[in-house]
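Each value in this text was obtained by applying a stated rule to the coordinates, not by laboratory testing. What you see is a predicted model, and the numbers here were worked out from it, not measured in a lab. No Cβ is skipped: glycine too gets one built from the backbone with ideal geometry, and neighbour counts run over all protein chains shown.
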Amino acid sequence: MTLNPVQLCDTILRDAHQSLLATRMRTDDMLPIASKLDEVGFWSVEMWGGATFDSAMRFLNENPWDRVRSLKRLMPNTRFQMLLRGQNVVGYKHYPDDVLQAFVKQSKAVGIDVFRVFDALNDVRNMEAAMRFVNEVGGHAQGSICYTISPVHTISQYVILARQLRDLGANSIAIKDMAGMIAPYDTYELVGELKTKVGLPVQFHTHYTSGMAMASALKAVEAGVDIVDTAISSLSGLTAQPPTESLVAILRGTPRDTGLNLNLLAEISGYFGEVRKKYQTFESGLQGVDVRVLQFQIPGGMLSNLTSQLRQQGAAHRYEEVLAETPRVREEMGFPPLVTPSSQIVGTQATLNVVTGQRYKVVPEEVKNYVRGYYGRPPAPIDPEVRKLVIGDEQPISCRPADLLEPGMDKARQDVGELARDEQDVISYALFPQVARPFLERRAAGADEHAAVIAAIAASLAVQVDQRPAARPCQKAGQGVNSWKQAWRPSRQWTNL
Ligand code: CO
């Protein structure tokens, strides 16, 4: 059973600007076009989650919850979709279950319908609580497969993962190709297998980075995919999704014609084309297709970081050696998909192995925590010799990492005190205490009326500086190495999650 016509999820309000404009689009720039977006007839509009929550408070002086509320008023007919990082919620570390549960409950209450749940390691233990909570509040739980290429990432393994997600209560399955690696014929095979062997609707998500995205989307359609993620053309391509209007045009007059109105879409695209100019300082400078991900199977953003880190250390001439070392470390680490935080873990260790001249002589705390199992279970076992070099005789944990965390909501409620006006503020604080406190203090001081001006000034000062925090380990897992954190500031491409 396949949904016909092909349904589209437009990412213009989340992944498109997260990928192209460093997640900086303000709610004020979304509201004027919201009712037009609502007229289109998308299956869903992805408009929240991922990096938007942090970015709203950190860079835009906006209450992230208000975005959902105000858009929902103007878009009553469209499903709202968000990206939920499993046990990492919308952050970069594992949070306790009570924080995750409160987050899901309030998200549903303000208007989120579809929760796309994923884990960077495809460890279902890091997704099961999120899926359960989404089901409890009556949301649509979408289980994700993080797509990568390695000897242990086979189509049959992905099918097994999708069945596990179905058994955990998934209403649909997402193929989440966050690095833009998936090739068209692999897409065809994967979608076909999922459609015949899992029995759930399949949604296809990729990035244009390597230039294959539209071909892959079309092969997904041919294989019977139900929903495809695209972005309105004026914020599409490059590291974002393939253009909505082009896919609509490609399918026009075919049995799977989307039926969407190209004139309406063109009008919306014109609007966002103008909006984009305001955020020019946040553009990556990428001019077109970046094929390096095909060459090395290393995401483009990670390669840029390797280059800049080596340059900082005066070791730029060792780039080729690091490039050769990276897949070796990835294999020893159990072939994690290279996304935040595993991309930093693998990239840093590979660099240290080369620069110090001795493999695993210097090991950052984050790598130790990864080997200890605090991020979850890697796709393949970690090399036993490497494990010994990294953590000696220490035994990795075998439980779900979040089982080691104390509940967080009561503590957050106490800590934030009267700065919180409602449960949503408490959750914002529980997730990002260092970002939420100054935000809530500014609000309490009545700074709201100047918020837009302050944010605009801050934004212009932040040019080329990505202030996103480095990945942090579980709370129980100790502190990281400062120099490592400074050296490994994730680039904007890494926010593609
Ligand atoms: Co994405």
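With 21 Å as the limit on Cα-Cα distance, the pairs of LYS72/LYS108; LYS93/LYS278; LYS176/LYS197; LYS72/LYS176; LYS36/LYS195; LYS72/LYS93 that go past it are LYS93/LYS278; LYS72/LYS176; LYS36/LYS195; LYS72/LYS93. Within straight-line reach of LYS411, meaning a Cα separation under 17 Å, sit the following lysines at least 8 residues removed in sequence or on another chain: LYS476. Counting only lysines at least 8 places from LYS361 when in the same chain, those with an alpha carbon closer than 22 Å to its own are LYS388, LYS485. Local charge for HIS153 was computed over the other residues whose Cβ lies under 15 Å away, with Lys and Arg +1 and Asp and Glu -1, and equals -4.
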